[in-house]
Each structure stands twice: as structure tokens, then as C-alpha cells.
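J.: Before we start, here is the structure in question, set down as C-alpha cells.
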Amino acid sequence: MDFTFEEQQVAFRDAVRKFLMVEAAPEMLREIWETESGRSRDLRAKLADQGITALSVPEEFGGIGLGDLDWVLINQELGYYAIPDSLSDTAYLAAWMLTRLPSDISLKKAWLPRIANGTARIALGHPVNPFVADAQLADLLLLWHNDEVHAVQRDQVKLSFNPSIEMSRRLYKVEWKPTDATRVAPARIGKDLWEGVLNRAALAVSAQQLGLAQRMLDLGIDHSAQRKQFGKPIGSFQAVKHQLADVAVKIEFAKPVVFRAAQALATNRPRAAVHVSHAKLAACEAAWLSARRSMQVHGAMGYTWEADLQMFMKRAWALDAAWGDRAYHKTRVAKFIFAEGAELGPGDTFN
Amino acid sequence: MRLEYTDRQQRFRQEVRDWLEQNVPKQPLRSFDTEEGFADHRAWEGKLAGGRWSAVTWPKEVGGRGCDLIEWLIFEEEYWRASAPLRVNQNGIFLLAPTLMEYGTDEQKQRFLPRMATGEDIWAQGWSEPGAGSDMAAIRCKAVRDGDHYVISGQKTWSTRAVWADWLFGLFRTDPDSVRHHGLTFILLPLNLPGITIRPVQQLNGQTGFAEIFFDEVRVPVHNRLADEGAGWQVAMATAGFERGLMLRSPGRFQQTAKSLVELYLRHQAHADADPSVRDAVMQSWMGAEAYALATYRTASRMAKGAQIGAEASTNKIFWSELDLLMHETAMRILGARAELMPHAPDAGDIGNWLDGFLFAQAGPIYAGTNEIQRNIIAERMLGLPRS
Ligand SMILES: Cc1cc2nc3c(=O)[nH]c(=O)nc-3n(C[C@H](O)[C@H](O)[C@H](O)COP(=O)(O)OP(=O)(O)OC[C@H]3O[C@@H](n4cnc5c(N)ncnc54)[C@H](O)[C@@H]3O)c2cc1C
């Protein structure tokens, strides 16, 4: 029993954190919003240089062959810095799925090395999401059809853009026709693959929400230490302190839930899906509380376009329903805990 | 990260489980806030000690098993799973003992720990006074040095289980000219000394769960002092640190409650679902208990690797006390019009002891440092917000 990350995992996370601190300043993110694609080639290339795109790709295809536990740390950072790039869709989820596709080696050979070196973008269409994120830039779309997996080129689909209040989101309705040629896995295999992708995607969102929650808390702390009213920093008022302390409590108790979900996926635990849903609920709650409380301590400044808080709040709000809304995840948890003979008590935690 | 028990840990769990299966009383003991119940629980502590289970984290020489925190968690999980009796000597074993091991002389350790482990000495805590609640540094109860004795005069209050306890530990003002947290000394004393008057105080459930203690020139030998004269505040604060925060309420307790709540809900589902928020609260309860267990395992693992846990410990107290309230409030709502009944009411049916737990849950956000004080600590020491 050891509920800590390995030193290398933490060291890699720290390196990514340092890099993003410099390369992903809020002003730069705002500039990227203004572009039509909403994505920066330059930033993606730099992320690839950091090795992030290669993380999940097996070594034989030019990657590093790491997995869920590494990603949970990286996704926290991607959340903290609100990286406007569905990087983990390609480098984590698509890589995971492609690696596990049956025998269709040509597809793996074609795409996995490109994921690793950061030159491919792959979008994922799962029925739990009404839209496909970043479909406009995708070199390839992996799409669900009755549990089958279809690999479709961008010129084979029709896209309609659905603008979001979150300026870095790029959501598309995708129309397409499944054919024998596009099918890369039959339903009997695809079902598990989609389930695996959904769980990892929900985990990725959870970790990003943790990062967002922490960022909004940090912004709230900074603001309330600097802003003075009644001759004192507002952070010295207890009503302000307690609002932020509540957020710290929520984050502190969401973290281990998210980390355990990652570990459960990494080791294929039978209850992994329940753990992921629990993680998603806990992390989204923390992020929403953090948004609300940070907004409150910012005063009117928090209600402006100018204050950076908005970019993190809107992302937290948007991600809440990504890869399964709360109803979806609560239903999965309910199914587990209300089942006959469920092992719920002390000593059952790691069953 | 490895979230599986080692073979050794699994064998340990089995050993605990086997012993508890054979030894936990089939009938629940009477409440330890009654005289007979207190005696029952003292006898149970003796039985636990007989199997060397009363203080598993202590070194072997003083009656423990030298368990690490993970083994302690396993022990606690099994203990709550077996619905074993509440620990009447909790304040001694979990709160005083770690302090004693850190600051006590060898003589003090030998004198106090083995008798604590067996339940021969049951301990009460004496921090609070009428004028010193959240503001513990306002303590006035004085201990005046007279040769090789301290002469104690003043009052303590809200002292849990002091009605029948044998010993008291707490802070006393040894320097009459001192203010706030200076000039306080940590003293251990038997509650049967001449000059001590104990006035039981009834709690919400009508039982005398705590007491006021009056001191009228009570003479306590100087060798009953823990650490240096005037160092009491630092000693008390050190023990308010994480290990204590962790040991006060182990996750097994809340997981057992959450499990019972799920069962209660399922038995009453037809009625309970008429209020759709109940089902959600039941789920939140289970997820909360699970999160608390995970957080504790994570902390125990980090401590095993040498991490220092500071003000984050204050998040624990808030989390478990609010969770406990949520669970018991939810149970009351499920029980509906029967929830108010005493368990022996003729038509009580299967209401169990939720009511008593509900009453006690009201105290959770107050004792061991109110949740407001914990939020102050989190804000100032963990988040670095400016002091008021
Ligand atoms: C069941 C139970 C068992 C107990 N057992 C023991 C025991 O064994 N030994 C012992 O010594 N004591 C014991 N206590 C006492 C406990 O430690 C005190 O009740 C606690 O420290 C609060 O003090 P108080 O009751 O005087 O409340 P007060 O300090 O008067 O607080 C009243 C309210 O004001 C708030 N408040 C006070 N100061 C601040 C502040 N600075 N900022 C914000 N809010 C503030 C509090 O949070 C609380 O809501 C026990 C209490 C209970 C309920």
C-alpha cells in the first residue's frame, strides 16, 4: 500500500508546470482565442518538445509508453493553465484507443508515430458528448457507431461549429456516413474500447477540474491579499477567509479520489468505472465551488471580461458535462452502491 | 503508487478479524456515559489489551504492536466493521499517548502507558475553562509551585468522561504574571486527589458525558509535569498536529455509518424516494466516506515517506464532522416520523441508534477545535491569507 506518486512522475509534472508557467500566460491564451482555429501550432509544437504528446504512445511507435497515472498529473497542469488545446484527446485518449485496435497495424503505424511527434491531431466522437471537440483541425476522427469504432478523415465529414461561452472551446456537430471502409473495430471489440476511452476522458476532465479549482483558489487568494477595503486587505476578513478555506477542503478531498481512479484504470481494477465517476463528481464540485467563491471574493472585478478569472471559471463550467454530465456519473455510482451485496464498508475501499 | 495490501498486511487484517469475531460482545455494551456502561467499557479495554490490541501503534515494550499507520488503518477498519465497542480510553490512547512518547521521561512512560493500555487508568482531557473555549490561551486555572508540588486552583469544563475517569491531562497557568500562551504547563493528575470536585454535566441525550472539574488547592507532585514548566502550549500544539488529527476519527467509523445508511435507505426506499434529495444525500454520504478513507491512506503514505503534514490537517476535522452530520441528518429524514422516537419506544421498529448518532453529530463541528477555528487555520497557515 503506497498512495504516492513515483519520483519521476512528480519530476515530469514539475517540468511541465515550469514550462507552462512561462509559455501559457493568460495574455497569450487570449490571443489564441482570437484566431479562427482557436489553437496555436507553436504551442502544440512546444508541448511536443516537452514530450507530452509521446507520453502514451508505445515505445515501438516512437513514444514513451506511460499511462493513466502520468496523465492524471499532467492533466492537472493543463487545467491549471487552461491550455486551449484538446491535447489529451489526441495524445492520451486516441493513443490509448489506437494502441488497442485489433490487428489493424497500418492504422497504428500511420498515426501513433505522428501522435508521438506532435504532428497529428485526432478528435473523438462518443455518443455521451453531443459535439466533437476540435474536429475542425483533426487529421483523423475516431467516431462511435453502435459501439463500432470508425476512423474517418476530416474531408469525409460535415462540420457545423457551435460557439461556446468558453472562448477556447471549439465544438462541432459532425455528420458522417459509416461504411465498411471506415470501420476499424467491430462492436464486440469497440464496446470495451469506447468504455475505456470514456473512463479515461472523464478522468482527464476530473484532473483538469482539479487544476482549475486550484488556479481559481490561487487567484482568489492573490486578489484578497492585495485588494484593500476598510484600510485592510480583504483577505484578513474572516468571511472572506472562510469562503476560500471551504474550497481548500473540497480540493483536498477530491484529489485522492481522482488519483485513485487513475490508479484503478492503470491496473484494470474491476470497480474502475465507479471510481472514475466518483472522481468526476468530486472534481467538478470542487471546481464549481472554487469558481463561485473566487468570483465572490473578486467583487465586481470578477464579473468582468478583463479579469483572468473568467477563463478558468468558464472552462470549469463547460467541462462539468464533458464526457458524461453529473446525472450520467451519478447513475453509474448509484448502480454500484445500491446493488445487492455491494461491498461498501470499512476495509472494502481497495477491493 | 500501489493501492494493494501486501501479504503481511492481509495477514494482519485476518488476524484482527479473527480475534474480533471471537471476542466482540454479541450484545452491544451499555453506554459508556453511564456508570455501569463505563465499567463495561473499561473491562472491554482490558480484554483488548489482553490480546495486545488496545494500542497497536505503540511500541511493544509498553503494550503495543509497533504498527505503522497503514496497519493502524486496517485495524480500525476491522474494528468498525465488527461493530466493536466505542473506545472509552480514546483520549488517553490516541491523544495523550503520542505526546507522552514524545515529551515524557522514561519514568513517566513506564508509569502511565501500560496502565493506559489495559484500561486500568482511563484519561480525561482538561483544556477548556468557562473563559477559555476556542481561545484556549485564555486559560486561567492556576498551578502554583510549592516545593516539589503544584497547588492547583480554578476550574476546567466540558471534560469528556471525567465523571468516571481516573486521570486528567491538561494545561494550567504556572506563571501568574504570564499572559496568553506563555507560562502554561502540561500537567497530569489523578482525579481522586483531595480538593477536586467533579460536577457531571448532562449532554443532549440526557447522559452525563462530560463534567466540570473544580480545583481547590489541589496538590500535584512536580514529577507529574510533562516537559518543562512554561512549555505547555508548545507541547499541546505539537500534539494537536496531524497524528492526533488523524487518530481522533478514523475513516472506518464513517464508512460503517455510510454503509448502514445505504442499507437503511434501501429498506425504506419506497418512502424515502418521495423526497428525491434523499437518494442524492445517501450517495454523497457514501462518496464522502470513501473520499475520507482515500485521503487518510494518502496522508499515511506520504508520512511514511517522510512528508510533514501541517495545517492541511485542519481540512480533516471539517470534512469528517460535516460528513457525519450529513449522514445522520439523512438517516433522520429517511426515518421520518419515527426518527424522534427513543430506541425503546414500543413502536420504534428498526430505527436503531441513528437518533443518538444524530445528537452526537451536532457536537462534531464544535469539539477538538470548532470548524470556524479550523477554517481560520486553513486560511492563514495553509492558504497564507493575512491575519485578522
Ligand atoms: C461533546 C464535547 C466534548 C468535549 N470534550 C472536551 C474535553 O474532553 N476536554 C476539553 O477541554 N474540552 C472539551 N470540549 C470543549 C470544546 O473543546 C469547546 O467546546 C470548543 O473548544 C469551543 O469552545 P466553546 O464551547 O467555549 O465555544 P466558543 O469558543 O465560545 O465558540 C462559540 C462559537 O463562536 C465561534 N468562535 C469563537 N471564536 C471564534 C473565532 N476566533 N473566529 C470565528 N468563530 C469563532 C465558534 O466557532 C463557535 O461557533 C468538548 C466539547 C464538546 C461539545
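J.: Hey, which aspartates and glutamates would be in cross-link range of residue B:60, C-alpha to C-alpha under 15 Å, not counting anything within fewer than 8 residues on its own chain?
T.: Once the sequence-local aspartates and glutamates are set aside, what remains near residue B:60 is B:68, B:71, B:106.
J.: Ok, one more. In terms of Cα to Cα distance under 29 Å, which lysines are near enough to residue B:142, apart from those fewer than 8 places away along the same chain?
T.: Answer for residue B:142, where 29 Å is the Cα cut-off: B:109, B:156, listed by chain and number.
J.: Between residue B:280 and residue A:27, what is the label-point separation in nm under the 7 Å Cα-to-beta-carbon projection?
T.: Between residue A:27 and residue B:280, the label points sit 4.3 nm apart.
J.: I've got another one for you. Once you have the Cα-Cα distance between residue A:222 and residue A:17, take 0.36 nm times their residue separation minus that, and quote the gain in nm to one decimal.
T.: 71.9 nm
J.: Starting at the first residue of the range A:184-197, write each ³J(HN,Hα) from the Karplus equation 6.51 cos²θ - 1.76 cosθ + 1.60 with θ = phi - 60°, in whole Hz, x for Gly and Pro.
T.: The phi angles translate into 10, 8, x, 4, 5, 9, x, 4, 5, 5, 5, 4, x, 5 Hz.
J.: At 7 Å along Cα-to-Cβ for each site, give me the label-to-label distance between residue A:191 and residue B:309 in nm.
T.: Those two pseudo-labels are separated by 4.3 nm.
J.: Report the accessible area of residue A:99, computed with a 1.4 Å probe over the heavy atoms of all protein chains in place, in Å² rounded to the nearest 10.
T.: Here the residue's solvent-accessible area equals roughly 40 Å².
J.: Over chain B, what is the relative contact order in whole percent, taking alpha-carbon pairs under 8 Å and six or more residues apart? The partial results should precede the final answer.
T.: Values: 621 pairs, mean separation 48.5, N = 388.
Reported as a whole number, the value is 12 percent.
J.: If the chain between residue B:105 and residue B:248 were fully stretched, how many nm would it gain, using 0.36 nm times the residue separation less the Cα-Cα distance? Walk me through the numbers before you get to the answer.
T.: Working: separation 143, 0.36 × 143 = 51.48 nm, distance 2.43 nm.
My answer for the length gained is 49.1 nm.
J.: Beyond 31 Å between alpha-carbons counts as too far, so tell me which of A:158/A:191; A:109/A:335; A:228/B:305; A:46/A:241 fall in that bin.
T.: Going by Cα-Cα distance, A:109/A:335; A:228/B:305; A:46/A:241 fall outside the 31 Å limit.
J.: Let me ask another. List the chymotrypsin sites (Phe, Trp or Tyr not before Pro) in the range A:161-243 that DSSP assigns to loop (not H, G, I, E or B) and whose Cβ has at most 12 other Cβ atoms within 10 Å. Which are they?
T.: On the way: sites: A:161, A:172, A:176, A:194, A:230, A:237; in loops: A:176, A:230, A:237.
Listed in order of number, the matching sites are A:230.
J.: Which is the longest part of chain A that has none of the GluC sites (Glu not before Pro) sitting in a DSSP loop with at most 14 other Cβ atoms within 10 Å? Provide the component values of the computation, followed by the final result.
T.: Details: sites that count: A:6, A:36, A:306, A:340, A:343.
After excluding every exposed loop site, the longest remaining stretch is A:37-305.
J.: Grab the DSSP H runs of chain B that are 4 residues or longer, score each as -39,500 (n - 2.57), total them, divide by all residues and round the 222 nm result to the nearest 500 deg cm²/dmol. Kindly include the intermediate steps, with their values, before the conclusion.
T.: Details: 13 runs with 169 residues, N = 388.
Theoretical 222 nm ellipticity from helices: -14000 deg cm²/dmol.
J.: Figure the gain on full extension for residue A:175 and residue A:34 (residue separation times 0.36 nm, minus the Cα-Cα span) and round it to one decimal in nm. List each step's numbers first, then the result.
T.: Values: separation 141, 0.36 × 141 = 50.76 nm, distance 2.62 nm.
Full-extension gain reported as 48.1 nm.
J.: With a cut-off of 11 Å, note down the residues of the range B:99-139 whose backbone N falls inside the zone around a label point 7 Å from the Cα of residue B:367 toward its beta carbon.
T.: Residues B:125 qualify, since their backbone N sits under 11 Å from the label point.
J.: Near residue B:47, which aspartates and glutamates are there with a Cα under 13 Å away, not counting those fewer than 8 places off in the same chain?
T.: Cα-Cα hits under 13 Å: B:120.
J.: So with the 1.4 Å probe, I'd like the accessible area per residue for the protein assembly as shown, rounded to whole Å². Present the calculation step by step, with values, prior to reporting the outcome.
T.: Details: 30670 Å² over 739 residues.
Solvent-accessible surface per residue comes out at 42 Å².
J.: Could you give each residue of the range A:37-54 its phi-based ³J(HN,Hα) in whole Hz, using Karplus coefficients 6.51, -1.76, 1.60 with θ = phi - 60°, and x for Gly or Pro?
T.: 6, x, 10, 10, 4, 4, 5, 4, 5, 5, 4, 5, 4, 6, x, 5, 5, 8
J.: Go ahead and estimate [θ] at 222 nm for chain A from helices alone: -39,500 (n - 2.57) per DSSP H run with n ≥ 4, summed, over the residue count, rounded to 500. Before the final figure, lay out each step's value.
T.: Values: 11 runs with 184 residues, N = 351.
Value at 222 nm, helices only, nearest 500: -17500 deg cm²/dmol.
J.: First measure r as the distance between the Cβ atoms of residue B:146 and residue B:180, then evaluate 1/(1 + (r/R0)^6) with R0 = 30 Å and state the FRET efficiency to the nearest 0.05. Write down the numbers at each step before the final one.
T.: On the way: r = 25 Å, r/R0 = 0.82.
Step by step, r from the Cβ atoms, then E = 0.75.
J.: Now for a separate question. Using a 1.4 Å probe, how large is the accessible area of residue A:108, given in Å² and rounded to the nearest 10?
T.: 20 Å²
J.: Considering Cα pairs under 8 angstrom that are at least six residues apart, work out the relative contact order of chain A and quote it in whole percent.
T.: Values: 552 pairs, mean separation 54.8, N = 351.
Relative contact order, chain A: 16 percent.
The values are calculated or read from the model by the stated rules, or taken from the named source; none is laboratory data. For clarity, every value in this text was computed on a predicted model and none was experimentally measured. Cβ coordinates were reconstructed from backbone atoms using ideal geometry, including for glycine residues, and neighbour counts include every protein chain displayed. Remember, those area values only see protein heavy atoms, side chains included, never the ligands or the DNA or RNA. Shrake-Rupley method; radii C 1.70, N 1.55, O 1.52, S 1.80 Å.
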